[in-house]
1. Enumerate the amide H contacts of ASP165 below 5 Å, restricted to partners 5 or more residues apart or on another chain; note that Pro and chain-start residues carry no placed amide H.
2. Which translational diffusion coefficient, to the nearest whole µm²/s, is obtained for the stretch 48-168 from the Stokes-Einstein equation, given a Kirkwood hydrodynamic radius over C-alpha pairs, 25 °C and 0.890 mPa s?
3. Residue by residue through the stretch 315-321, what is 3J(HN,Hα) from phi via Karplus (6.51 cos²θ - 1.76 cosθ + 1.60, θ = phi - 60°)? Round to whole Hz and write x for glycine and proline.
4. Two decimals is fine: what's Rg over Rh for the chain, C-alpha atoms, Kirkwood radius as Rh?
5. Quick one: which residues, 5 or more positions from ASP333 or on another chain, have an amide H under 5 Å from its amide H? H modelled 1.01 Å from N in the peptide plane, none for Pro or chain starts.
6. Given R₀ = 41 Å, what would the calculated FRET efficiency be for ASP52 paired with MET192, taking r from the Cβ atoms and rounding to 0.05?
7. Give me the extension gain from ARG45 to THR298: residue separation times 0.36 nm, minus the current Cα-Cα distance, reported in nm with one decimal.
8. Identify all lysines with a Cα-Cα distance to LYS40 below 20 Å; exclude those on the same chain that are fewer than 8 residues away in sequence.
Amino acid sequence: MTLALGVDVGTSGIRTAVIDRTGTPVAMARVIHAAQDPRKINAERWWQSVVDCLEIQMEGLRDEGCDPRDIIGISVDGTSGTMVLTDVNLKPVTRALMYNSKGFESEAAIVDRFAPAHHITRGSSSSLARALRLWHEVDTSQAAHLLHQADYILAKLTGEGGDSDVNNALKTGVDPVTCQWPDWIAETGIAMRLFPKARDVGTAIAPLRSSLATRLGLAPSVVVHAGTTDSIAAFLSCTNPEPGIAVTSLGTTLAVKTVSNCRVENHDLGLYSHRLGTVWLAGGASNTGGGVLRSFFTTDEITALSAQIDPASPTDLDYYPLPGPGERFPINDPDLHPRLVPRPPDNVTFLQGILEGIAAIESRSYAAIRDSGGDWPTAIYTAGGGAENPAWTAIRSRLLGIPLHPARHTEAAIGAARLVFRG
């Protein structure tokens, strides 16, 4: 049996999946991230969680009667825009900054002076602005690699830094067609020697470190492949990338992706396209999602209250649910405030209003893609924990006017593993 391993570095923890050539999961594992101060995130803790999860994964694979030595490749996905600076030995020399970190207005002003109009790197939520902040915080002689979250794990797997993929590197400024970093980035003052080589997703990068292969019981021939972002990995876990097919990821945040034969972009809205082989995945990510729900309700409360919702009877509450100020898509406004008032006296109606608000943002997101030159999807698959909520699914179907399909698989780790066989 030939197997592939995917590693998903998510917001809450690590998930891994081993699949066969048909894309069917053989075994999966999960480890929760250790708690960290969000202002002082240590990337090395991500790596320790990955190692812990891989060890659990190999044990689970053996329990299924499979041999870890049948794994031929590994690929990694991570949260888009999360990054760290390391030295040549891959030791972090800065804190890590997350995709939703804020407060980079001064760096964004520098980027805006040099970036082309409407470029994806413009704005205070820009990944390049985040990279500049890290550059300004460090002794520049120590820094050797600028690594996105998935790049950092890839580097720890191979033992060498300096590689990325066109999906993770997109928001930092790489040209997804040529895979090159534009010359104007150097004018911002950051050293270009830090930037990784961006590769097509699924490209074979290097063998797994021999010491790690031995520790995990893997074959010495295992190859590590270029990964992708978490939302694209989630897309690939759900379905094949064919024109007209869309995937909504309802996790901590909301992400939408539609397959297009052409590149669709509107950076004023936070809309961009990732390249995946010969097609493009047009979409964006909102800060709304499960994170808002969990700020008001526990998982058990959401389940119990959702069972009492009548999806066919709208609340008419005009909510724009956000966990705090700032939105990325379909409104690109770092100062946008949540709208969650008035709050009704009963929690069932309040929860329904939040679910309707998130569904309205989803519908507005697909409309933004259509209005920017893309197509309204012919079929939408759903990934993430929200896919398991029947009331939410019915609300979304009513607002979108499209039948929603439950994805056979929804874990991003499965999509990451599929990149091994695509590569």
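1. ARG199
2. Numbers: Rh = 16.1 Å.
The Stokes-Einstein estimate is 152 µm²/s.
3. Each residue of the stretch 315-321 in turn: 7, 6, 7, 9, 8, 10, x Hz.
4. Numbers: Rg = 20.7 Å, Rh = 21.7 Å.
Here the Rg-to-Rh quotient is 0.96.
5. GLU327, ARG328
6. Working: r = 35 Å, r/R0 = 0.86.
Working from the Cβ atoms, E equals 0.70.
7. On the way: separation 253, 0.36 × 253 = 91.08 nm, distance 2.62 nm.
Result: 88.5 nm gained on full extension.
8. Those lysines meeting the cut-off are LYS91, LYS102.
The values are calculated or read from the model by the stated rules, or taken from the named source; none is laboratory data. Keep in mind the model is a prediction, meaning the values are calculated, not measured. A quick note on method: Cβ atoms are made from the backbone with ideal geometry, for glycine too, and the neighbour counts reach across all protein chains shown. What goes into the accessible areas is simple: the full protein's heavy atoms, side chains included, and nothing from ligands, DNA or RNA. Shrake-Rupley method; radii C 1.70, N 1.55, O 1.52, S 1.80 Å.
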